[in-house]
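Working notes, structure below.
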Amino acid sequence: MVCSRTMSNGGEGRQSQSSEGRPLSLAENRFWKEYGYHRGEAVLKNLPEIFSIESTNYCNLKCIMCPRGEPDVMRRSLGHMDTPLFAKILDQAAFFTDPCWFHLFGEPLMNPHLFEQIKIAKPKIPNLGISTNATLLDEANTVALLDSGLDTIMIAIDGASAQVYERVRKSPGFSYGQVAANAERFLAAKRAAQARKPYVILSIIRMGETEKDLEAFRAHWLSQGADEVKTKAFTTWGNQTPDFQELAARAERAKLSSPRRFPCKHLWESVVITWDGRVVPCCYDYDAKMVMGDLKSSSLAEIWNSPAYVELRRAELAAKNNSPLCANCSEAPGHARKPEWGAGGWDRQAPSRPKARHGWRQLFRAGHPARTST
């Protein structure tokens, strides 16, 4: 699973059209995203950045913190991304997060079309990433990944010892020793090839079971040549079920049950696409409860400003979003409205123009922050 939902400045696949038919650059798209969020607009001028395209939701582990794991609370059907559908999605997409993840739930290396699809995606997605549990990261897949052009790989292990790892990532067939050896071999092969890509992140989720392993995990994988070691925040998947909150580190539990203060920015900036082409608002929607549209029959631009999305944004602005995905979520990103954008939906008033003293250029800069690393 990958859902470290921190948005950084994304890449641009190509110029696209707004819902009004006007071409947008990445900078303009960023500006209109901020404009829509801060003014409380429900019909948006920007197009979404694609955060994640699910390559498959098949998985070979039963991780205790994952809806696809143990307990397995995911009820939607299993499948792999179809290559013609993937090509169709890429053909109409314009903007991508940095990285854009070719992953959501499941293990990407179980998708038999993975390397073909990476090849199709690379000319269009500036920073394409996958997250793998390393169980299938054997010598053949190591060579294939290093040759694929993939930009980023997150290797998720969640433990610095067999005792911790095997309580968290349950499997009758894969041990901590096997998985760690696979990851170490991958890092050694990248080093031997003097390869610049993929950028390799080793990740561990902070929770009760792993807290005591965090420092040892970081030290070990930096010594092995990882480009980055990431301690990911624990998620309850929007508190859709009570099964996950008790796994959080004790200090985090109160925060994970507190109500959110501001509208969820995901609804103004990005989308997630399941393996069968359905669009959902957020990576916490493991069962696709909130389907905004289907890319097999509608375009991304049509879905982004569809009645379903517009009504969801309006409910979120009015603090009346009682949808099954969002009602109990305390993890949604959001922040206070900046008054320089002028009055809008947050103020329950008719929109007005931004005050003249700020000027369009100043607001444009506010909506287009400097590029940051992931």
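The values are calculated or read from the model by the stated rules, or taken from the named source; none is laboratory data. Fair warning: this is a prediction, and the values are worked out from it, not measured in the lab. Counting neighbours? That spans all protein chains shown, and the Cβs are built from the backbone with ideal geometry, glycine included. Calculation scope for accessible area: heavy atoms of the full protein, side chains included, ligands and nucleic acids excluded. Shrake-Rupley method; radii C 1.70, N 1.55, O 1.52, S 1.80 Å.
Run the dipole for the range 56-184 about the Cα centre, Lys and Arg Cβ at +1, Asp and Glu Cβ at -1, nothing else charged, and hand back the magnitude in debye, nearest 20.
Details: 11 positive and 14 negative charges, 89 e Å.
So the magnitude is around 420 debye.
Count neighbours as other Cβ atoms within 10 Å of each site's Cβ, and list the trypsin sites (Lys or Arg not before Pro) in the range 166-244 that are DSSP loop with at most 10 such neighbours.
Sites meeting the loop and neighbour criteria: R196.
Roughly how big is the range 117-245's charge dipole about its Cα centre, with Cβ charges of +1 (Lys, Arg) and -1 (Asp, Glu), in debye to the nearest 20? Intermediate results must be reported in sequence, preceding the final value.
Numbers: 16 positive and 14 negative charges, 82 e Å.
My answer is approximately 400 debye.
With +1 on each Lys and Arg Cβ and -1 on each Asp and Glu Cβ, and nothing else charged, work out how big the dipole of the range 46-114 is about its Cα centre, in Debye to the nearest 20.
Roughly 220 debye for the range 46-114.
Can you check how the C-alpha radius of gyration of the range 81-122 compares to 2.2 N^0.38 Å, as a plain ratio?
On the way: Rg = 10.4 Å, N = 42, 2.2 N^0.38 = 9.1 Å.
For the range 81-122, the normalised Cα radius of gyration is 1.14.
Can you sort C326, C59 by 1.4 Å-probe accessible area, starting with the largest? Mind showing how you got there, number by number?
Numbers: C326 20, C59 40 Å².
Output order, biggest surface exposure first: C59, C326.
Please report, as a whole percent, how much of the solvent-accessible surface of the range 22-171 comes from carbon and sulfur atoms (probe radius 1.4 Å). The partial results should precede the final answer.
Working: 2460 of 4460 Å².
Looking at the range 22-171 in its full context, I get 55 percent from C and S.
What ranking of L137, L26 comes out by heavy-atom accessible area, probe 1.4 Å, highest first? Don't jump to the answer; show the numbers that get you there.
Numbers: L137 0, L26 30 Å².
Largest to smallest exposure gives the sequence L26, L137.
Per residue, how much accessible area does the range 122-194 have with a 1.4 Å probe, in Å²?
Working: 2830 Å² over 73 residues.
Here the residues of the range 122-194 average 39 Å² of exposed surface.
Determine the sum of side-chain charges near I89: Lys and Arg each +1, Asp and Glu each -1, restricted to other residues whose C-beta is under 13 angstrom from that of I89. Present the calculation step by step, with values, prior to reporting the outcome.
Numbers: positive: K88, K124, R278, K296; negative: E54, D82, D91, D276, D294.
Summing Lys and Arg as +1 and Asp and Glu as -1 gives -1.
Beyond 17 Å, how much of the Cα-Cα pair distribution for the range 25-116 remains, as a whole percent?
It works out to 61 percent of all Cα pairs.
Using alpha carbons only, what's the Rg to Rh ratio of the range 147-241 with Rh from Kirkwood?
On the way: Rg = 14.1 Å, Rh = 14.2 Å.
Answer for the range 147-241: 1.00.
Based on Cα coordinates alone, diagonalise the gyration tensor for the range 182-222, multiply each eigenvalue by 5, take square roots, and list the semi-axes in whole Å, largest first. It would help to have the intermediate numbers written out before the result.
On the way: eigenvalues 128, 18, 12 Å².
Semi-axes from the Cα gyration tensor: 25, 9, 8 Å.
For E49, enumerate residues with amide H under 5 Å from its amide H, sequence gap 5+ or separate chain, H modeled in the peptide plane.
Counting only residues 5 or more places away or on other chains, the set is S270, V271.
As a quick test, which of the pairs K33/K338; K122/K265; K88/K119; K170/K197; K124/K197; K197/K230 have an alpha carbon distance above 20 angstrom in this structure? Don't jump to the answer; show the numbers that get you there.
Values: K33/K338 13 Å; K122/K265 27 Å; K88/K119 14 Å; K170/K197 30 Å; K124/K197 17 Å; K197/K230 18 Å.
Checking Cα-Cα distances, K122/K265; K170/K197 exceed 20 Å.
Once you sort the root eigenvalues of the Cα gyration tensor of the range 51-202 as a ≥ b ≥ c, which label holds: rounded (a/c under 1.5), prolate (a/b larger than b/c) or oblate (the other case)?
Details: a/c = 2.05, a/b = 1.21, b/c = 1.70.
Oblate shape, in that a/c is at least 1.5 and b/c is the bigger or equal ratio.
In whole Hz, what ³J(HN,Hα) sequence does the range 117-133 give by Karplus (6.51, -1.76, 1.60; θ = phi - 60°), x for Gly and Pro?
Ordered by residue, 3J(HN,Hα) equals 6, 4, 4, 5, 6, 4, x, 10, 10, x, 9, 9, x, 10, 10, 10, 8 Hz.
Grab the Cα-Cα distance for L222 and N322, subtract it from 0.36 nm times how many residues apart they are, and report the gain in nm with one decimal. Intermediate results must be reported in sequence, preceding the final value.
Details: separation 100, 0.36 × 100 = 36.00 nm, distance 4.34 nm.
So the chain would gain 31.7 nm between L222 and N322.
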